[in-house]
Amino acid sequence: MLAAHHLRKNYGALSAVADVNFTLQAGEILGYIGSNGAGKSTTVKIIAGLIEPSSGEVLFNGISIHRNLVDYKRRIGYVPEEPNLYPYLTAREYLDMIATLRGMPRVQRLQKIDALLKLFSLHAQRHFPLSAYSKGMRQKVLLISGVMHNPDLIIFDEPLSGLDVTAAFIFRKLLAGLARQGKAIFYCSHVLEVVEKLCTHLVILKKGSVVASGPTQSVLDALHQPTLVDTFAQLVPEIDTTAIAADIVDVLCSS
């Protein structure tokens, strides 16, 4: 459903993404992970159609997304990392606006919005301005806006940010359910434990390049590591985390 071929993105002399390749099929959840600065967010913006690559291409159902970018954006769901919403709109107004832009019929969209607000425990606050919402509440609104039009491809960038334990648990179950319905899910996150449990496939980045990819269990088995955290530490050993943590403790406890 989604394919990236030789993606590169340069900002002057800086190479943010270097020759990234992957495919994502219907029913798969692709975990896209790497350290800060590895190129994750740049890749997300490229496949969401927000920025163009310096070279390479992204295909959706075998066709370049830039052949008809407006139509492509209508057919995908995108949940960005930061819940930057219009503060003076209510949640219901914001979602109604997004649904209108998605071309959803009025009766259908209002019924779906109210049902989803109830399921995400936001219906009682539906007429409150978004400026009065907590970060977790705004994140729920973003999640609703990204999936309510029933897209075939959904792109998540750190979707658990700000969610409480219950909402995060519901979200994990939601992702699994969407995958069973044949949705293709691109999941970018720092929370490796969640990625390991949720994602059927992995792409691991280091300094803009892919250092491992494939089915999740195959990646773990190939490197003879019991968990994704251990695998990531082996592939991306940029700093000695144990030594740094010990040094921080020494500084804090020194007289």
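The values are calculated or read from the model by the stated rules, or taken from the named source; none is laboratory data. Keep in mind the model is a prediction, meaning the values are calculated, not measured. No Cβ is skipped: glycine too gets one built from the backbone with ideal geometry, and neighbour counts run over all protein chains shown.
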Notebook entry, point to check: How about region 1-19: which of its residues are over 19 Å from T200 (Cβ atoms) and either among the aliphatic types (A, V, I, L, M) or crowded, with 20+ Cβ neighbours inside 10 Å (or both)?
Noted result: L7, K9, A13, L14, A16, V17, A18
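Let's see how each residue does on (1) assigned to a helix (DSSP H, G or I); (2) among the hydrophobic types (A, V, I, L, M, F, W, C); (3) surrounded by fewer than 16 Cβ atoms within 10 Å (Cβ to Cβ); (4) modelled with pLDDT under 90:
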{"residue": "M104", "(1), (2), (3), (4)": "no, yes, no, yes"}
{"residue": "L117", "(1), (2), (3), (4)": "yes, yes, no, no"}
{"residue": "S121", "(1), (2), (3), (4)": "no, no, yes, no"}
{"residue": "M137", "(1), (2), (3), (4)": "yes, yes, no, no"}
Next item on the list: Take region 62-97 and flag every residue that is at pLDDT 90 or above and closer than 16 Å to R126 by Cβ.
Entry: Y88, L89, T90, A91, R92, E93, Y94, L95, D96, M97
Notebook entry, point to check: What are the residues in region 56-77 that are closer than 14 Å to L101 by Cα and part of a strand (DSSP E or B), if any?
Noted result: I76, G77
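Please work out if F120 is within 30 Å of L192 (Cβ to Cβ), aromatic (F, W, Y) and within 18 Å of the chain's Cα centre (by Cα).
Here the answer is no, as F120 does not meet what is asked.
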Next item on the list: Among the residues of region 64-83, write down those that are β-branched (V, I, T) and exposed (fewer than 13 other Cβ atoms within 10 Å of the Cβ).
Entry: V70
Next item on the list: Report the residue count in region 149-159 for those that are surrounded by fewer than 20 Cβ atoms within 10 Å (Cβ to Cβ) and in contact with a helix residue (DSSP H, G or I) (Cβ under 8 Å, 6 or more places away or on another chain).
Entry: 3
Next item on the list: For F232, indicate whether it is touching a residue at least 40 places away in the same chain (Cβ under 8 Å), surrounded by 18 or more Cβ atoms within 10 Å (Cβ to Cβ) and farther than 23 Å from Q25 by Cα.
Entry: yes
Next item on the list: Scan region 36-58 residue by residue and report those that are surrounded by fewer than 16 Cβ atoms within 10 Å (Cβ to Cβ) and in contact with a helix residue (DSSP H, G or I) (Cβ under 9 Å, 6 or more places away or on another chain).
Entry: L50, I51, E52
Next item on the list: Go through (1) surrounded by 18 or more Cβ atoms within 10 Å (Cβ to Cβ); (2) assigned to a loop (DSSP other than H, G, I, E, B); (3) charged (D, E, K, R) one by one and return the number of the condition R92 breaks.
Entry: (2)
Next item on the list: Can you give me the number of residues within region 1-33 that are more than 22 Å from S54 (Cα to Cα), outside any loop (DSSP other than H, G, I, E, B) and among the small types (G, A, S)?
Entry: 1
Check: Which of the residues spanning region 1-46 are among the basic types (K, R) and either under 9 Å from G208 (Cβ atoms) or touching an Asp or Glu at 6+ places or on another chain (Cβ under 6 Å) (or both)?
Finding: R8, K9
Check: Would you call M97 in a loop (DSSP other than H, G, I, E, B) and of a type outside the set (F, W, Y)?
Finding: no
